[in-house]
Each structure stands twice: as C-alpha cells, then as structure tokens.
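The values are calculated or read from the model by the stated rules, or taken from the named source; none is laboratory data. This is a predicted model, so every value here is computed, not measured. Here the Cβ is made from the backbone with ideal geometry for all residues, glycine too, and neighbour counts use every protein chain on show.
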Amino acid sequence: MRNRVIICEASEIIANGLTEIINGMAQFDVVARLDSPEHLSEKMLATDANLLIVNPTLLGYVYKDFIAQLSKDHPQVTVIALVTSCLDHSFLTPYDGVIEINDSKAKVIDKMNEFVQNETTKKNDDVELSKRETDVLVAVAKGMMNKEIADLMNISIHTVISHRKNITRKTGIKSVSGLTVYALLNNLIDENDLL
Amino acid sequence: MAKKKKSFTKDTKFAELLTGDRRLLQLLPRFGIGLGFGERSIDHVCQMNHVSTELFLMVCEIYSDSSFKPGQKELQSIDMSDLLSYLKASHQYYLGERFPHIEEHLQNIIEASGPKFGPMLRHFYDEYKQEVMRHIQYYEEEVVFPYIEALVNGQRTDSYEINEFVHNHTNIQDTLDDMMNILIKYLPGDILPKERIEISLDIMELSDDLNRHSLIEERILIPYVESLENAQP
C-alpha cells in the first residue's frame, strides 16, 4: 500500500521542498498540506493518512498533550516532528521520529522508509519488550540521557526516542523513576547499578 | 458524536448540579461553599458564600465536560483573585488531604513489600512527592501566582511569561499513573492486594482531579493572563 503523508508546516518554502522530496519517492504521496494544526484531526480522517509530519513550533503551549492525544485518536498514524529551529529534545518525546531542517535529501528518504518500517513492526509485537528496547530501558533506568544512550548503542537519537516511546506504550510507564522501578521489579538491574 | 449536554445556568438548583455530576462535590470546600443549601439556586448559594457565580459555573463546566472552552467574553467576566484563591485551595486539598491519605496506604504496602521492593517504592514515592512540591509550592505558588498578581496590579516583570508555564506541567500526572501501573501490574501479586486496589482507586480519582485542575489552568488561567500580557505595552 502506498503511504499517505500530511505535512503541517507554516513555511511555504520548507513545505514545498519536503513535498518535492517525498513525492519523488516510490511509495509515498503527500495527500494534504496545512499551515496550522487547527483542522488536522479532521484532515487525517478525511485523507486516511498514515504519516503526519508536523512542525512542533506550530503547536504553541498545548503541543505536548496535542500530539499525545492525536496519537491516541489515530493510533495507526506515525507522527514525525519537523524540526526547523533549536528545540529541547524533551519536546520531541511524544513523536515517533524526527526530520531536521538540515537533513540531506538522502537522509530524509532513509528516515521516511524507516518510519514506515517501524510502523509495520509496531503492529506485530505489541506485548513483550524487544532486546533493543530492553537495552534502552536498562540504560534509561540507570539514568543515562538519550544522547548518551545513542552513543553507547551506536544508534541515532531519534531511534532512541522511538524505542522509548515503544517501551512506554508496552509498559504503560512514562517517567524515568517509574521505568527504574519497573527494571528493578523485573530484575533487569539491581540496586547496585543505581549508585 | 455525542450531543453536547445542556449546561447548567445560574438559576439551576444547586442540588441538581451535584446530582448531575457527583464529582463536583469535591469542589465545594475549595470554594468555601458549605453544605445544607437546601433548594436554593446556584446563584443564590454562590452569593451567600461570596463566591463569583461566573467562575464557579465555569469551573464546574470544565470539570464535567473536558471539551468545554470558555470564550474571551466569559473569561473577561471573572475575577483573577477569585480564581487564584480557588487554585490555591485545590493545592491545599491535594497536599494537605489527598497525598497524606495515599501515603498512609502506601506506607503499609511498603512495609509489606520487604527489603527488596520496599525501599525502592519509598524512593519512587519520595522523589515524586518532591516533584509535586516543587511544582505546586515552589513554582506555581512562589513564581507563577505572584507574577500574575503583580500583572493584575499593572506591574510587568520581565523575568517570566505565562507561555513558559505548561512545559512544566504534565509530569505530575504521568508519574502518578506510573505509580498505579506499578502497584497494579508489576508488584508481586501476593503483597496486600486489597490495600493496593483501594490505593489505586484513590490514585485514579486524584489523577482525574489533577487532570481537570490542569484544564482549568490551561483554559481559564493561561488565556486570561495572556490577554493581560498583551494588553500591556
């Protein structure tokens, strides 16, 4: 099935550029473009999109709940942050992935393919944590930051974020301290690891 | 889509409001509204207790209908100092009543959990409690509210703007939900199951209440303060 993409970005220049790249890919179509998040939810229903690329700066102070709610309302949609400015990484946790303004064309294409790849695996293994997710969980429980985990495991920060999102979806636990307790209870770490 | 239910007006009987949504009962002490109001109307009861009827109705609306969003005009009709004292009374209710109640239950569970799990639950809760205190006492009551009070009095400070507010906001509920998941799903099943069910019901109620509390801050407090900020040079 072809992937249906919605772009939510205020800058015409950026939106056009991204549309050009995505429409150039074999399995992707940009089915709608919005310059504000106002009618996003309706648009997603109307177009049956499975990928949403949205600039987090458009969402103002409601951003965090907005994306979390959106993911809840449209569980089949992968939500990607389009980062065009300096942004604290904690803002990106509710997203499934990140495209950055200075990513090369090849990188954007790679990422797009990876996003839909994740999406297919997302449906299959919904219960147990994968080996990779367990590794990330242990690192998080030990107090490591996303950047450190990325370096340690030799993966990108957005992959770490995507793993963390899956861990939270599977365990129902969001906070770092909660994940630490989870790891202890399941004997993935012991108290000595926390010193 | 569900039909939007008819909201209450100031002439509705006060008691009717409470039969419509019993959760609203917990709002009464925060507004300083006593029981024994008989058949009086909402407006009448509010006036008797020196509570702004508009604010009371607005808060009730948000409590019982999470999609409710007051318009600019309605927002202008409320008195900020009423809202702040309501929010402070809510904080007092959480810190002075709800959390100590949950702690009491938790203490029993911690004691029954033995040396392996007990200290870690204690640590998790203590850390959480600190976060709550940081947010409510040191942040909202010592930074945000004084800023708003100054703004209402026409004093503008450069040190803070209300749009920084929500960024600090969702963690409290998230961790509370985590605590519930740990108690229900992950702690070994034989440790005080009855007490764990009770505490979980308390946590759900508190979590729900905190959720409405944030909505009130997001839909009334923030837009109101923003309009104050914009009105000033």
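Checked against (1) over 20 Å from A:ARG164 (Cβ atoms); (2) within 14 Å of chain B (Cβ to nearest Cβ); (3) of a type outside the set (S, T, N, Q), A:VAL31 passes all but a single condition, namely (2). Pairs meeting the criteria (first residue in region B:68-88 and without any contact (Cβ under 8 Å) to a residue 12 or more places away in the chain, second residue part of a helix (DSSP H, G or I) and of a type in the set (Asp, Glu), beta carbons under 9 Å, at least 6 apart or on different chains) are lacking.
Against the conditions (1) without any contact (Cβ under 8 Å) to a residue 24 or more places away in the chain; (2) closer than 22 Å to A:ASN166 by Cα; (3) assigned to a helix (DSSP H, G or I), A:PRO75 satisfies every one except (3). The residue list B:LYS73, B:LYS88 contains one member that is farther than 30 Å from B:LEU187 by Cα and in contact with a Phe, Trp or Tyr (Cβ under 9 Å, 6 or more places away or on another chain), which is B:LYS88. Going by what's in this entry, would A:GLY97 be described as within 14 Å of chain B (Cβ to nearest Cβ) and out of contact with any Cys (no Cβ under 9 Å at 6 or more places or on another chain)? When the stated conditions are applied, A:GLY97 does not pass them.
Residue-wise test of (1) more than 18 Å from A:GLY172 (Cα to Cα); (2) more than 23 Å from the chain's Cα centre (by Cα); (3) not acidic (Asp, Glu).
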site: B:ASP158; (1), (2), (3): yes, yes, no
site: B:MET180; (1), (2), (3): no, no, yes
site: B:ILE191; (1), (2), (3): yes, yes, yes
site: B:MET204; (1), (2), (3): no, no, yes
site: B:ASN211; (1), (2), (3): no, no, yes
site: B:GLU217; (1), (2), (3): yes, no, no
site: B:TYR224; (1), (2), (3): yes, no, yes
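Remark: pairs (first residue in region A:91-108, in the same structural domain as A:PRO56 (by TED's automatic domain parsing) and loosely packed, with under 14 Cβ neighbours inside 10 Å; second residue among the β-branched types (Val, Ile, Thr) and not in a loop (DSSP other than H, G, I, E, B); Cβ separation under 6 Å; 6+ apart in sequence or on different chains) = A:LYS105/A:ILE21. The criterion of at least 1 residues that are of a type in the set (A, V, I, L, M, F, W, C) and over 23 Å from A:GLY143 (Cα atoms) is met, among helices (runs of 4 or more DSSP H) falling completely within region B:85-156, by B:99-112, B:145-152.
Looking only at residues of region A:152-195 that are more than 9 Å from chain B (Cβ to nearest Cβ) and among the hydroxyl-bearing types (Ser, Thr, Tyr), we find that the one that is surrounded by the most Cβ atoms within 10 Å (Cβ to Cβ) is A:SER162.
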